[in-house]
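This report refers to the structure that appears directly beneath it.
The values are calculated or read from the model by the stated rules, or taken from the named source; none is laboratory data. Predicted, not measured: the structure shown is a model, and the values here were computed from it. No Cβ is skipped: glycine too gets one built from the backbone with ideal geometry, and neighbour counts run over all protein chains shown.
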Amino acid sequence: MKSYDIVVIGGGPAGASAALFLEKKGYRIALLDQAVFPRDKVCGEFISPAADEIFSELGVLESIEALNPTRLSGVALSAYEGSYFQVDYPDTVDGRTMTSLSVERSTLDGLMINKVRNSSIQLMEGFKVTDLLFDGGNVCGVKGHDKTKTKFSIKANIVIDGGGRNSISLRRLNLRRSSPGKGKIALAAHWQGVKGLESYCYMHISHPGYTGIAPVGHNRANVVLVVDRNYLIGVNFEKFYMTTVLGNSLRKRILGGGAPVEKIRSVDSLAYSVKKTRCGGLLLVGDATGFIDPFTGEGIYLSLRSSQLAVGVVQNAFDKSDFSSRQLQSYDLIRKKEFRKKNILSKVLQCLIYKPYLCNRVVATLAAQKELSSLLVGVIGDYHPANKVVCFKYLMRLLGGMLSHRQSSFLPN
Ligand SMILES: Cc1cc2nc3c(=O)[nH]c(=O)nc-3n(C[C@H](O)[C@H](O)[C@H](O)COP(=O)(O)OP(=O)(O)OC[C@H]3O[C@@H](n4cnc5c(N)ncnc54)[C@H](O)[C@@H]3O)c2cc1C
């Protein structure tokens with residue numbers, strides 16, 4: 001049976017970055033993905049500005065920049081066609097101007113896998129992991145089959161599962177817990193001929209859900225609609241998507257000239273949380289650690305960052321030759337500590353966007369108070385700390401703004 005120091009499941013942002021970070025530390029790594037790259041993935045495709053630094057550390061930023069990718073200056077957000085703000089990303093504390101990449105996933109993930117391909121990592125495409133191997137209570141490898149259905153088993157000191165929302169660990173160890181937003185479904189497609197977009201990520205909240213629209217270059221845009229799954233019972237997905245997307249006058253204005261150039265794709269049961277892993281030899285990264293909602297568009301950054309956080313913990317485990325759950329548990333603690341306030345913010349936003357009156361008032365206040373909206377997109381952009389927004393002071397300033405005057409709506413022309 002083949003054996004490696006580390007087996008990584010999944011070549012998405014989480015798995016690829018985990019493998020690349022750990023390869024730099026000198027470990028022998030195999031990365032397995034059931035897909036053959038380039039492969040596509042339903043995603044809003046706007047990437048937090050803070051991800052640039054991680055891409056740079058991984059050595060993939062240069063190849064992304066070589067494509068002359070679309071870069072967005074900030075966020076434009078409307079609520080129920082009654083209020084609107086457009087705000088640029090604020091500068092970093094050391095005065096750097098920030099922008100966010102907007103790159104199609106087939107391209108982005110393909111570039112990351114190319115980096116893996118050109119490293120000492122053993123890349124195994126078309127290899128599906130169907131189960132984990134156990135030694136006592138600890139994971140000690142994986143097994144599965146390749147494209148020709150030939151079976152394989154691989155041993156490893158540590159398995160890093162970056163298999164995303166349907167990862168084998170979540171299913172095998174029954175770790176997945178659904179969350180309050182479990183009834184949501186996302187419908188997505190790339191559109192062509194979209195000429196009304198500037199360099200912003202457009203979020204439009206309206207009944208019966210919201211859309212995220214990201215220009216990805218050459219009059220092409222990615223349009224994701226998130227709604228309650230109940231709206232789709234017995235209806236034609238394509239028809240529903242088109243009617244709902246274009247039923248909002250602001251969206252119609254910016255997308256009007258364009259049309260989808262692919263079949264509408266869907267992702268069901270968007271939100272879930274994940275129970276603590278009780279066995280050693282296993283670490284989860286990226287979406288395999290849970291997912292709240294794509295509204296803030298942070299999934300790719302959080303996936304990269306979760307892998308970055310795993311590196312020190314993996315190194316410690318190898319230094320001590322101890323791969324027990326006790327040794328690895330610090331990873332959960334570090335990750336939870338870093339992401340706790342971001343998660344609170346995501347949950348608060350989830351509650352807000354489905355309350356039209358309140359949502360309108362908040363958006364109107366953010367439109368009137370640029371400092372508050374700027375802070376919010378800096379936090380959502382993952383380079384300002386979440387406690388700048390998830391705090392009493394911010395809440396009071398927002399409430400003060402909402403109560404002091406009724407802002408009129410300034411919709412874009
Ligand atoms: C509708 C929607 C919109 C989103 N919009 C945004 C956005 O605008 N910006 C943003 O940053 N994030 C967004 N996200 C989140 C983002 O897509 C995810 O957070 C990100 O893809 C997670 O990366 P990952 O590497 O953990 O998983 P994935 O990208 O899902 O990669 C997992 C990989 O594992 C492989 N795999 C799975 N199981 C196995 C197995 N058993 N054996 C072998 N291989 C396996 C898969 O083939 C896949 O390649 C969105 C998500 C959704 C659902």
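For the reader, a short list of remarks on this structure follows.
- Screening the stretch 105-126 for residues that are part of a loop (DSSP other than H, G, I, E, B) and either on the phi > 0 side of the Ramachandran plot or surrounded by fewer than 22 Cβ atoms within 10 Å (Cβ to Cβ) (or both) and picking the one that is farthest from the chain's Cα centre (by Cα) gives Ser120.
- Only one of the listed residues (Asn230, Asn236) is polar (S, T, N, Q), loosely packed, with under 14 Cβ neighbours inside 10 Å and over 24 Å from Lys355 (Cα atoms). That residue is Asn236.
- Within the stretch 177-216, the set of residues being part of a strand (DSSP E or B), within 15 Å of the ligand (Cβ to nearest atom) and more than 15 Å from Asn248 (Cβ to Cβ) comprises Ser178, Lys184, Ile185, Ala186, Ala188, Ala189, His190, Tyr200, Cys201, Ala214, Pro215, Val216.
- Residues of the stretch 139-151 satisfying the condition of being touching a strand residue (DSSP E or B) at 6+ places or on another chain (Cβ under 7 Å), touching a residue at least 12 places away in the same chain (Cβ under 8 Å) and more than 11 Å from the ligand (Cβ to nearest atom): Val139, Cys140, Gly141
- Which listed residue is among the charged types (D, E, K, R) and under 21 Å from the mean Cα position of the chain (by Cα), from Lys155, Lys184: Lys184
- Some residue of the stretch 269-287 being within 14 Å of the ligand (Cβ to nearest atom), at pLDDT 95 or above, of a type in the set (D, E, K, R) and part of a helix (DSSP H, G or I): yes
- The stretch 288-316, subset of a type in the set (Gly, Ala, Ser) and closer than 28 Å to Gly26 by Cα, residue farthest from the ligand (Cβ to nearest atom): Gly312
- Search result, residues across the stretch 121-134 that are without any contact (Cβ under 8 Å) to a residue 40 or more places away in the chain and away from the ligand (no atom under 13 Å from the Cβ): Leu133
- Selection within the stretch 290-329 - assigned to a loop (DSSP other than H, G, I, E, B) and among the polar types (S, T, N, Q): Ser321, Ser324
- Checking Val75, Val36 one by one, the residue that is of a type outside the set (Gly, Ala, Ser) and over 30 Å from Val159 (Cα atoms) is Val75 and no other.
- For the stretch 29-56, a tally of residues being assigned to a loop (DSSP other than H, G, I, E, B), more than 10 Å from the ligand (Cβ to nearest atom) and more than 16 Å from the chain's Cα centre (by Cα) returns 1.
- Filter result (among the hydrophobic types (A, V, I, L, M, F, W, C) and either in a helix (DSSP H, G or I) or over 19 Å from the mean Cα position of the chain (by Cα) (or both)) within the stretch 63-75: Ile64, Ala66, Leu67
- Restricting the stretch 156-176 to residues that are in contact with a Leu (Cβ under 7 Å, 6 or more places away or on another chain) and assigned to a strand (DSSP E or B), the residue that is nearest to Arg105 (Cα to Cα): Asp161
- Qualifying residue in the stretch 109-119 (condition: in contact with a Ser or Thr (Cβ under 9 Å, 6 or more places away or on another chain), within 30 Å of Ser249 (Cα to Cα), at pLDDT 95 or above and more than 11 Å from the ligand (Cβ to nearest atom)): no
- Going through (1) more than 11 Å from the ligand (Cβ to nearest atom); (2) assigned to a helix (DSSP H, G or I); (3) small (Gly, Ala, Ser) one by one, Ser17 falls short only on (1).
- Residue list for the stretch 217-227, filter: out of contact with any helix residue (DSSP H, G or I) (no Cβ under 8 Å at 6 or more places or on another chain) and surrounded by 22 or more Cβ atoms within 10 Å (Cβ to Cβ): Asn222
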